[in-house]
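Before any comments, here is the structure.
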Amino acid sequence: MRFRSDPHHRISDSAQVVLAASIVGKSGKVLVSRQFVDMSRIRIEGLLAAFPKLIGTGKQHTYIETENVRYVYQPIEALYLLLVTNKQSNILEDLDTLRLLSKLVPEYSYSLDEEGICRHAFELIFAFDEVISLGHKENVTVAQVKQYCEMESHEEKLHKLVMQSKINETKDVMKRKANEIDKSKIEKNRGDKGGFGPLTSMGSGRIENSFSDFSISSTGTGFGLSTDVDSFSTKPKGRPTASAAAPPKGLGMKLGKSQKTNQFLESLKAEGEVIVEDVQPRLGQSRTAAPPLTDPVTLTVEEKLNVTLKRDGGVGSFDVQGTLSLQILNQEDAHIQVQVQTGDNQAISFKTHPNMNKELFAHDYILGLKDSNRPFPTGQASDAAGVGLLKWRMQSTDESMVPLTINCWPSSSGNETNVSIEYEASSMFDLQNVVVSVPLPALREAPSVSQVDGEWRYDSRNSILEWSVLLIDNSNRSGSLEFVVPQTDSSAFFPISVRFAATKTFSDLKVRNIIPLKGGNPPKFVQRTQLITENYQVV
């Protein structure tokens with residue numbers, strides 16, 4: 001038997017309220033009871049124990065009045081769904097509440113018997129709380145109650161999707177690395193013994209099974225994942241220096257129970273790789289305010305995407321503008337140079353800040369001031385964008401460079417217009433917080449959505465249908481949305497606006513190292529990387 005009452009509910013029985021909602025057996029056994037006023041257990045047990053004795057045979061009404069309370073009940077197979085109210089309560093409102101509860105009970109307990117009700121007792125209590133508040137019925141539906149009780153978190157869903165995607169990618173990388181180790185051992189044994197020797201335990205099975213020791217760290221920033229797992233399997237192209245940056249401390253949320261160090265990961269950290277994961281905190285936002293800086297040196301790689309796609313296919317305009325900015329917290333870390341590594345994209349041209357040594361960057365991909373005796377400006381965590389070191393731009397008319405294409409197909413039939421929208425994402429990027437905003441004609445009610453990959457909502461004030469997908473990766477490179485509205489012209493659904501964020505950029509620019517100019521150990525640094533949409537439309 002499950003009882004639950006709220007000690008904060010101090011409502012007098014003289015008010016027009018529901019005192020308790022209960023499910024009891026026909027023998028009088030109490031299975032679930034939720035009290036909405038301050039009642040002692042002895043009193044509610046006494047009221048519920050008296051109920052079976054008051055039910056007569058052959059009576060058609062579904063309420064019983066005593067000197068102090070009224071029982072409003074409804075049979076549910078071998079059980080009774082029961083509301084205990086005071087005599088001042090509105091019987092019509094109580095009957096409406098009872099009907100709503102009778103629809104909710106089968107939603108949470110498919111078997112309407114004592115065992116099934118007891119198994120889902122707490123889910124039923126939480127549902128009762130959404131229907132009745134302070135003894136009065138809330139204006140809710142069955143669907144709304146289920147939604148409120150699910151308590152889904154967008155941040156949690158996105159974090160799980162991103163982590164699972166990174167884990168899958170890392171497993172693939174580890175398998176490829178294991179195959180390389182197998183091949184190297186075969187070649188070594190062939191050279192030493194003139195044949196194939198037995199493989200040791202360092203084969204693929206060892207590495208695959210040791211994945212639980214592999215740590216993936218995350219930190220809460222507003223710039224998304226800053227280092228791709230692909231960096232594990234590629235050699236850096238920038239020229240290494242004698243001193244390497246130490247990995248940042250304070251990273252949390254580590255997968256795996258063992259604290260044993262993975263030599264492969266440590267070697268990457270020694271070369272200056274930074275493994276940081278940042279997850280967008282809210283659906284539909286491609287950019288949020290950066291959190292306070294905690295690392296001595298922060299380098300931010302950001303690309304803004306401006307794209308216009310034609311509704312019949314083709315690219316109207318495609319423009320990428322990127323920046324690399326530097327923020328330094330302390331003056332003692334300001335005498336530095338930054339070594340970077342650029343990708344293979346020949347369409348991108350880089351331009352250094354006028355105060356930078358252009359020849360040093362052209363020959364060695366090192367960003368440093370013309371006057372090496374001058375320090376970089378420093379600022380506190382509350383300061384804004386930082387110092388711009390490098391910028392670049394790319395323009396193209398090649399549709400294959402577009403990260404996400406949208407196809408909209410309106411078709412009228414009778415008094416209705418059926419609209420099918422499809423997205424196709426390039427394999428170059430994994431996109432987060434994708435929101436496709438479709439303008440609609442003025443409607444009295446929300447459009448009828450028959451099929452959707454992801455989630456949707458209707459903004460009635462602006463008459464816009466927003467189609468949201470948390471994460472687009474290799475598991476869902478394409479998706480569709482279908483809905484019906486009253487007949488309207490096809491041009492009413494354009495322009496379609498799109499926004500998203502990605503943790504990989506067209507330039508694939510990476511910070512390789514921080515070089516101290518006055519000796520000593522290089523300061524610790526973190527790189528933040530994000531591609532965001534500034535203006536992305538289908539017209």
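The values are calculated or read from the model by the stated rules, or taken from the named source; none is laboratory data. Everything quoted here is computed from the prediction, not taken from an experiment. Cβ placement follows ideal geometry from the backbone for every residue including glycine, while neighbour counts extend to all protein chains displayed. The protein model used for the area step is the full one, side chains on, heavy atoms only, and it has no ligands, DNA or RNA in it. Shrake-Rupley method; radii C 1.70, N 1.55, O 1.52, S 1.80 Å.
Side notes on the structure shown:
- Verdict on T417 being more than 30 Å from the chain's Cα centre (by Cα), farther than 30 Å from K157 by Cβ, hydroxyl-bearing (S, T, Y) and part of a loop (DSSP other than H, G, I, E, B): no
- Residues in the range 459-494 that are open to solvent by 60 Å² or more (accessible area, probe 1.4 Å) and assigned to a loop (DSSP other than H, G, I, E, B): S460, R461, N462, N474, S475, Q487, D489.
- T397 satisfies every condition listed in (1) without any contact (Cβ under 8 Å) to a residue 60 or more places away in the chain; (2) within 22 Å of L309 (Cα to Cα); (3) polar (S, T, N, Q); (4) open to solvent by 60 Å² or more (accessible area, probe 1.4 Å) except (1).
- Yes/no for K137 being charged (D, E, K, R) and surrounded by 17 or more Cβ atoms within 10 Å (Cβ to Cβ): yes
- Entry remark, the range 87-103: residues being without any contact (Cβ under 8 Å) to a residue 60 or more places away in the chain and either open to solvent by 30 Å² or more (accessible area, probe 1.4 Å) or touching a Lys or Arg at 6+ places or on another chain (Cβ under 8 Å) (or both) number 9 in total.
- Taken together, the criteria place S412 among residues that are open to solvent by 50 Å² or more (accessible area, probe 1.4 Å), among the small types (G, A, S) and over 31 Å from the mean Cα position of the chain (by Cα).
- The range 427-458, residues that are surrounded by 15 or more Cβ atoms within 10 Å (Cβ to Cβ), assigned to a loop (DSSP other than H, G, I, E, B) and touching a residue at least 40 places away in the same chain (Cβ under 8 Å): F429, D430, L440
- Residues in the range 39-54 that are hydrophobic (A, V, I, L, M, F, W, C) and not in a helix (DSSP H, G or I): M39 only.
- In this entry, G520 passes the filter for residues that are of a type outside the set (F, W, Y) and part of a loop (DSSP other than H, G, I, E, B).
- Flag if E130 is free of Cβ contacts under 8 Å to residues at least 40 places away in the same chain, of a type in the set (D, E, K, R) and within 23 Å of Q35 (Cβ to Cβ): yes
- Inter-residue pairs, beta-carbon under 6 Å, first at pLDDT 85 or above and in the range 140-157, second surrounded by 14 or more Cβ atoms within 10 Å (Cβ to Cβ) and of a type in the set (D, E), 6+ apart: V145/E130
- Number of residues in the range 77-86 that are open to solvent by 10 Å² or more (accessible area, probe 1.4 Å) and in contact with a strand residue (DSSP E or B) (Cβ under 9 Å, 6 or more places away or on another chain) equals 2.
- With respect to the conditions (1) hydrophobic (A, V, I, L, M, F, W, C); (2) surrounded by 20 or more Cβ atoms within 10 Å (Cβ to Cβ); (3) farther than 28 Å from I532 by Cα, L360 lacks only one, and its number is (2).
- Of everything in the range 112-132 that is within 30 Å of the chain's Cα centre (by Cα) and of a type outside the set (A, V, I, L, M), the residue that is least open to solvent (accessible area, probe 1.4 Å) is F128.
- Residue ranges of strands (runs of 3 or more DSSP E) in the range 308-367 with at least 1 members within 15 Å of R512 (Cα to Cα) and touching a residue at least 40 places away in the same chain (Cβ under 8 Å): 315-328, 336-341
- Identity of the residue in the range 55-68, in a loop (DSSP other than H, G, I, E, B) and within 18 Å of S89 (Cα to Cα), that ends up modelled with the lowest pLDDT: H61
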